[in-house]
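Just below is one structure, and these are the notes that go with it.
The values are calculated or read from the model by the stated rules, or taken from the named source; none is laboratory data. Predicted model, so just to flag it, every value in this text is computed and none were measured. All Cβ positions, glycine included, derive from the backbone under ideal geometry; neighbour counts span all protein chains shown. When the accessible area is computed, the model is the full protein with side chains, heavy atoms only, and any ligands, DNA or RNA have been set aside. Shrake-Rupley method; radii C 1.70, N 1.55, O 1.52, S 1.80 Å.
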Amino acid sequence: MDYLSAIQHVLNPAVLLFILAGVMVGLVVGTLPGLTSVMAVSLITPLTFKLDSTYGFAMLLGVYNSAIFSGGISAIAINTPGTPASIAQTFDGYSLSRRGRTGFALGVNTIYSVFGGLFSTVCLMIACEPLARLALHFGSAEYFWLAFFGLAMMISISHANVVKGLLAGAIGLLLSTVGLDPLLGNKRFTFDNVSLLNGITFIPVMIGLFGISEMLYQMYTHKKTDERREEDIAHMGDKERVLPTAKEHRRMTLPALLGSIIGVVVGVVPGTGGDISALISWDVTKRISKHPEEYGNGSIEGLAATSASNNGAVGGALTTALALGIPGDSSTAVLLGALTMYGMVTGPTLLTKSADFVGRLYIIMLVANLIILPVGLLTAKACIKLLSVKSNYIQMAVLLICCIGAYSMNRSYTDVIIMFIAGIAGFFFRMYQYPLGPMVLGLLLGEMCETNLRRTLMLSNGNPVRLINTPIAIALMILVVAALVSPLISDLRAKKKAK
Amino acid sequence: MKKITGDTILGAVFAAAAAIMLWLTNTTLPSKAPMGDPGARIFPTGVSIAILILAVAVIVRSVRKPIRGFEGVLQDPEKKQSATRALLVFLDLALFLLLWNYIPFLAAGFIFLFLQCMIFREKLLFSVIYSASVTVALYVMFSVFLKVRLNL
């Protein structure tokens, strides 16, 4: 890979400006509770459609990295995570804030989020190519199982209800069959609507599921939290130290490194993400800490580990997304959707056919994290002021932006209707505890599943044994079964214990 | 007898949708394909059957262990108020999508936001300023800078 040319491309004022704009948008979105990184990436994607792919991804990756980092700002300031990935930062960050050390906690969050982000980007740069090279040896049967593995992992972490996770995933798969049949071109479920010939557009569905439904659900479950926020914000001191001392850095480096490693490893697993990795990191670093009693009461090690871990998961999630075409989380699912929007073929061939572009993505990731450092340190305290804005004002504007965003990608009113229907469906899904992730993944991976299933059956004249005639296919099938069965077993065990 | 909950109804909706898709698959798609390809039917048929089975499992589970969604909303005044607001916002959104087809975006967007401000009982002057400024800002951003024609 030609990194020198990638650096030259990215260190161009226009690209840097787009990264900075993305970082600023992510900073605002991540800070505001209720606006998630998935929502931000989904809403920004249609805006980037008219840009050159490098500019577009400069902005998208800026938003993605920054939103994960800035989710920690509201977690620290008002005990409410800005994005789900920041849940674990409330444990110690908020305690530090209540002791009048808000600025310091925000400084730790910024520095170690960047640490985790840079670490995971280096891992992405090292691991992506060998993984893609391995995947190039995959045949259609392996791809079929790989797509199913991604879906199965997403379902298996639907703790609340595996059956509902499976159902959501199956609905996503069914939706992916709308449009032209991928092998023979038969029209399927298009109802003579020309706009549906290309299938259900992914981005409007994402905007509906993560934008419209989230806003409506927040309005439905509206609680009077604005007053409590103001009280928390009023408590904050203005003049305390932001940067940690060298001694404090020494205490935090090992937990942050562990957190980053866990972040990358967890992020690689499809269906997981920063929220899970940060919780695991907090628990692991607490076990090995010399001061475990401080965890949960304002431990700087706990805060550093969780901050590094959720940003560490970003690089991990991108590794599987770029190398295999299987998204690590919902945000990377949108990024994959954006790649296809730019006409790129996702999967292992991306690294051979668009190697230059992937190289630029790596450098954008590095630069985005480096930009977050000064921007975060300088503006984190100012961002807290955003938390004083009444949530209703934001929700109202976001609803309008969702409509425009869904329309602007293809200038299609059908896309707006798809977004609206997805929004209503997402609202009921949230209400009755159906996980949204499997549905998104089903929609994204459906075509890959179907095409490879049918290709395999064509090659074997309809003999399904061909699906498991290589060691990799067998291994992937075992992983799929394990991913689906293990939550059921643990559920049964928990029930037995309860009895 | 146990009460029917929203959870059960949603399960039944999915089961019915899967049954319709199964019927559509088998009536509208060709059953045969060349070169050993199992055809365009196989995948949607398999997935529809899976949805049907899973939806029945959800219905059975919801009868045994229902999840409270809208249930009890009418008994709790605070929940009732929030639910009414969400419903009104939803209707406002539907109205906006309808109006957007017939009147310019600036007008449709203003009406959409203004009605929402009314739903949230904001002051009249604030509602006008907020609705106008947000609509114009978004119009300028998309129409002028991103060249997206917002008038359908």
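Below, the figures for the structure above:
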read-out: Accessible carbon and sulfur surface of the protein assembly as shown relative to its total accessible area, %, 1.4 Å; value: 67 percent
read-out: Distance (nanometres) between label positions extended 7 Å along Cα→Cβ at B:I53 and A:L243; value: 6.2 nm
read-out: Distance histogram in 10 Å bins (all Cα pairs of region A:58-200, percent per bin); value: 10, 20, 25, 26, 13, 5, 0
read-out: Net dipole in debye of the protein assembly as shown [+1 Lys, Arg Cβ; -1 Asp, Glu Cβ; about Cα centre; nearest 20]; value: 1220 debye
read-out: Ellipsoid equivalent to region B:11-152 - semi-axes via the Cα gyration tensor, in Å; value: 43, 28, 10
read-out: Accessible surface of A:S53 - all protein chains present, 1.4 Å probe, nearest 10 Å²; value: 20 Å²
read-out: Formal net charge of residues neighbouring A:I404 (Cβ-Cβ distance under 14 Å; K, R +1; D, E -1); value: +3
read-out: Within-12-Å neighbourhood charge of A:R360 [Cβ basis; K, R +1; D, E -1]; value: -3
read-out: Probe 1.4 Å, all protein chains present, accessible-area order of A:H249, A:H137, A:H9, largest first; value: A:H137, A:H9, A:H249
read-out: Size of charge dipole - region B:77-145 - debye, nearest 20, with Cβ of Lys, Arg +1 and Asp, Glu -1, no other charges; value: 200 debye
read-out: Burial of 10 Å² or greater, region A:419-443 residues [accessible area, probe 1.4 Å, versus chain by itself]; value: A:F420, A:I424, A:F427, A:F428, A:F429, A:M431, A:Y432, A:Q433, A:Y434
read-out: Accessible surface, 1.4 Å probe, highest first, among residues A:T54, A:T253, A:T414; value: A:T253, A:T414, A:T54
read-out: Accessible area expressed per residue, region A:97-151, with surrounding protein chains retained (probe 1.4 Å, Å²); value: 34 Å²
read-out: Fully extended contour minus Cα-Cα distance, from A:A14 to A:A355, at 0.36 nm per residue; value: 120.6 nm
read-out: CD proxy at 222 nm, helix term only [per DSSP H run n ≥ 4: -39500 (n - 2.57); per residue of chain A; nearest 500]; value: -24500 deg cm²/dmol
read-out: For the pair A and B, total buried accessible area rounded to nearest 100 Å², probe 1.4 Å; value: 5900 Å²
read-out: Computed label-point distance, nm, for sites B:I9 and B:T84 using a 7 Å Cα→Cβ extension; value: 2.0 nm
read-out: B:V140 paired with B:N26, simple spin-label distance in nm, labels 7 Å along Cα-to-beta-carbon; value: 6.0 nm
read-out: Charge dipole of region A:3-494 about the Cα centre (unit charges at C-beta), most positive-ward option of A:L399, A:P130, A:G296; value: A:G296
read-out: Helix A:355-384 axis, angle to chain A major axis (alpha carbon atoms, nearest 10°); value: 30 degrees
read-out: Within 10 Å of each Cβ in B:18-30, the average number of Cβ atoms from other chains; value: 2
read-out: Solvent exposure ordering (accessible area, 1.4 Å, most first) of A:V25, A:V63; value: A:V25, A:V63
read-out: Förster radius 22 Å - calculated FRET efficiency between B:A19 and A:L488, Cβ distance, rounded to 0.05; value: 0.25
read-out: For region B:6-64, Kirkwood radius (reciprocal of mean inverse C-alpha pair distance, Å); value: 12.3 Å
read-out: Solvent-accessible heavy-atom area per residue, rounded to whole Å², over chain B at 1.4 Å; value: 56 Å²
read-out: 1.4 Å probe, heavy atoms, protein only - residues of region B:110-127 losing at least 20 Å² accessible area vs chain alone; value: B:F112, B:L113, B:Q116, B:F120, B:E122, B:F126
read-out: Spatial separation of Cα centroids for region B:120-145 and region A:374-396, in angstrom; value: 19 Å
read-out: Whole-number percent relative contact order across chain A, with pairs defined as alpha carbons under 8 Å at least 6 apart; value: 28 percent
read-out: Rounded to the nearest 10 Å², the accessible area of A:E293 at probe 1.4 Å; value: 120 Å²
read-out: With DNA, RNA and ligands ignored, accessible area of A:Y55 (1.4 Å probe; Å², nearest 10); value: 70 Å²
read-out: Counted charge near A:A58, where neighbours are those whose Cβ lies closer than 12 Å (Asp, Glu -1; Lys, Arg +1); value: 0
read-out: Dipole of the protein assembly as shown, positive end: most advanced residue of A:L151, A:T110, A:A323 [Cβ charges, Cα centre]; value: A:L151
read-out: For chain B, calculated [θ]222 nm from helices alone, where every DSSP H run of n ≥ 4 adds -39500 (n - 2.57); value: -23000 deg cm²/dmol
read-out: Phi to ³J(HN,Hα) by Karplus 6.51 cos²θ - 1.76 cosθ + 1.60 over region A:395-407, Hz, x for Gly, Pro; value: 4, 4, 5, 4, 4, 5, 4, 4, 5, 5, x, 5, 6
read-out: Calculated on alpha-carbon atoms, Rg and Dmax of chain A in Å; value: 22.1, 74
read-out: Distance-filtered residues of region A:451-477 - backbone nitrogen under 13 Å, label point 7 angstrom along A:H137 Cα→Cβ; value: A:470-473
